[in-house]
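Everything on this sheet refers to the single structure shown next.
The values are calculated or read from the model by the stated rules, or taken from the named source; none is laboratory data. Keep in mind it's a predicted model, so treat the numbers as computed, not measured. Here the Cβ is made from the backbone with ideal geometry for all residues, glycine too, and neighbour counts use every protein chain on show. All accessible areas refer to the heavy atoms of the entire protein, side chains included, with ligands and DNA or RNA removed. Shrake-Rupley method; radii C 1.70, N 1.55, O 1.52, S 1.80 Å.
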Amino acid sequence: MSDWINVIDQNALADGEHVVVDVDGTDVAVFKIEGQFYAIEDVCTHDGAEIASGKLEGCEIVCPRHGARFCVKTGAVKAPPAYEDIDCFPVRIENGKVQVRDNRWD
Ligand code: FES
(Lines give C-alpha, C1' and ligand atoms only; values in the text may rest on other atoms or scores of the structure.)
Protein backbone atom coordinates (compact mmCIF):
# COMPACT_ATOMS: atom_id res chain seq x y z
CA MET A 1 0.00 0.00 0.00
CA SER A 2 1.44 3.36 -1.02
CA ASP A 3 1.94 6.15 1.52
CA TRP A 4 0.35 9.57 1.53
CA ILE A 5 3.07 12.13 0.74
CA ASN A 6 2.96 15.74 1.98
CA VAL A 7 3.37 17.90 -1.12
CA ILE A 8 2.43 21.51 -0.26
CA ASP A 9 0.78 23.59 2.43
CA GLN A 10 -2.99 23.83 2.12
CA ASN A 11 -2.68 27.60 1.57
CA ALA A 12 0.22 27.49 -0.89
CA LEU A 13 -1.79 27.87 -4.10
CA ALA A 14 -4.41 30.30 -5.33
CA ASP A 15 -7.26 29.11 -7.52
CA GLY A 16 -5.96 28.31 -11.02
CA GLU A 17 -2.38 27.81 -9.86
CA HIS A 18 -0.41 24.60 -9.87
CA VAL A 19 2.88 23.15 -8.73
CA VAL A 20 4.85 20.11 -9.87
CA VAL A 21 6.02 17.85 -7.06
CA ASP A 22 7.85 14.56 -6.72
CA VAL A 23 5.70 11.71 -5.43
CA ASP A 24 7.74 8.54 -5.01
CA GLY A 25 9.84 9.44 -8.07
CA THR A 26 6.93 10.51 -10.28
CA ASP A 27 6.43 14.13 -11.36
CA VAL A 28 2.91 15.05 -10.30
CA ALA A 29 1.11 18.27 -11.18
CA VAL A 30 -1.09 19.49 -8.35
CA PHE A 31 -3.76 22.02 -9.35
CA LYS A 32 -6.13 24.10 -7.26
CA ILE A 33 -9.48 24.76 -8.94
CA GLU A 34 -12.41 26.35 -7.16
CA GLY A 35 -10.86 25.57 -3.79
CA GLN A 36 -10.26 21.89 -4.54
CA PHE A 37 -6.95 20.17 -5.21
CA TYR A 38 -6.37 17.70 -8.05
CA ALA A 39 -3.29 15.70 -8.97
CA ILE A 40 -2.32 14.18 -12.33
CA GLU A 41 0.97 12.88 -13.65
CA ASP A 42 2.94 15.68 -15.32
CA VAL A 43 3.14 13.92 -18.65
CA CYS A 44 1.09 14.17 -21.82
CA THR A 45 0.06 10.74 -23.09
CA HIS A 46 0.53 11.85 -26.69
CA ASP A 47 4.30 12.36 -26.72
CA GLY A 48 5.50 12.94 -23.18
CA ALA A 49 5.34 16.74 -22.85
CA GLU A 50 5.20 18.25 -19.36
CA ILE A 51 1.50 18.88 -19.32
CA ALA A 52 1.58 21.31 -16.39
CA SER A 53 3.38 23.88 -18.53
CA GLY A 54 0.30 24.10 -20.75
CA LYS A 55 -2.58 26.53 -20.46
CA LEU A 56 -5.35 25.89 -17.96
CA GLU A 57 -8.83 26.62 -19.33
CA GLY A 58 -11.47 26.03 -16.69
CA CYS A 59 -10.75 22.51 -15.50
CA GLU A 60 -8.96 21.50 -18.71
CA ILE A 61 -5.24 21.70 -19.42
CA VAL A 62 -4.04 22.20 -22.99
CA CYS A 63 -0.78 20.48 -23.90
CA PRO A 64 1.84 23.06 -24.93
CA ARG A 65 3.25 20.86 -27.70
CA HIS A 66 0.38 19.74 -29.93
CA GLY A 67 -2.76 20.95 -28.18
CA ALA A 68 -4.29 17.80 -26.69
CA ARG A 69 -6.66 18.56 -23.83
CA PHE A 70 -7.19 16.75 -20.55
CA CYS A 71 -9.51 17.14 -17.59
CA VAL A 72 -7.36 18.12 -14.60
CA LYS A 73 -9.93 16.64 -12.20
CA THR A 74 -9.85 13.13 -13.67
CA GLY A 75 -6.96 12.98 -16.15
CA ALA A 76 -9.48 12.09 -18.87
CA VAL A 77 -8.44 12.96 -22.41
CA LYS A 78 -10.77 15.51 -24.01
CA ALA A 79 -9.20 16.26 -27.38
CA PRO A 80 -6.67 14.67 -29.78
CA PRO A 81 -3.90 14.13 -30.73
CA ALA A 82 -3.81 12.27 -27.39
CA TYR A 83 -6.17 9.30 -26.95
CA GLU A 84 -5.16 7.95 -23.53
CA ASP A 85 -6.01 9.44 -20.15
CA ILE A 86 -3.33 10.83 -17.86
CA ASP A 87 -2.95 8.99 -14.54
CA CYS A 88 -4.84 10.76 -11.76
CA PHE A 89 -3.96 10.47 -8.06
CA PRO A 90 -5.99 10.67 -4.86
CA VAL A 91 -5.57 13.90 -2.89
CA ARG A 92 -6.49 14.75 0.69
CA ILE A 93 -5.90 17.51 3.22
CA GLU A 94 -4.31 16.45 6.49
CA ASN A 95 -3.14 18.84 9.24
CA GLY A 96 -2.92 21.76 6.83
CA LYS A 97 -0.94 19.81 4.23
CA VAL A 98 -2.05 18.66 0.81
CA GLN A 99 -1.20 14.99 0.50
CA VAL A 100 -1.01 12.84 -2.64
CA ARG A 101 -0.71 9.09 -2.95
CA ASP A 102 0.55 7.16 -5.98
CA ASN A 103 -1.81 4.20 -5.76
CA ARG A 104 -1.16 2.84 -9.24
CA TRP A 105 0.74 -0.21 -7.99
CA ASP A 106 -1.22 -0.91 -4.77
S1 FES B 1 2.88 15.88 -26.51
FE2 FES B 1 0.97 16.63 -25.79
S3 FES B 1 -0.25 16.82 -27.55
FE4 FES B 1 1.64 16.04 -28.27
task: Can you confirm whether the range 20-40 contains a residue that is surrounded by 14 or more Cβ atoms within 10 Å (Cβ to Cβ), among the charged types (D, E, K, R) and within 13 Å of the ligand (Cβ to nearest atom)?
output: no
field: Output for the range 1-13, where each listed residue is open to solvent by 50 Å² or more (accessible area, probe 1.4 Å), of a type outside the set (Asp, Glu) and touching a strand residue (DSSP E or B) at 6+ places or on another chain (Cβ under 9 Å)
entry: Trp4, Asn6, Gln10, Ala12
message: Condition first: free of Cβ contacts under 8 Å to residues at least 40 places away in the same chain and within 17 Å of Pro90 (Cβ to Cβ). Now tell me which residues in the range 30-58 satisfy that.
response: Lys32, Gln36, Asp42
query: So, of the residues in the range 65-103 that are in a loop (DSSP other than H, G, I, E, B) and in contact (Cβ under 8 Å) with a residue 60 or more places away in the chain, which turns out to be most open to solvent (accessible area, probe 1.4 Å)?
result: Asn103
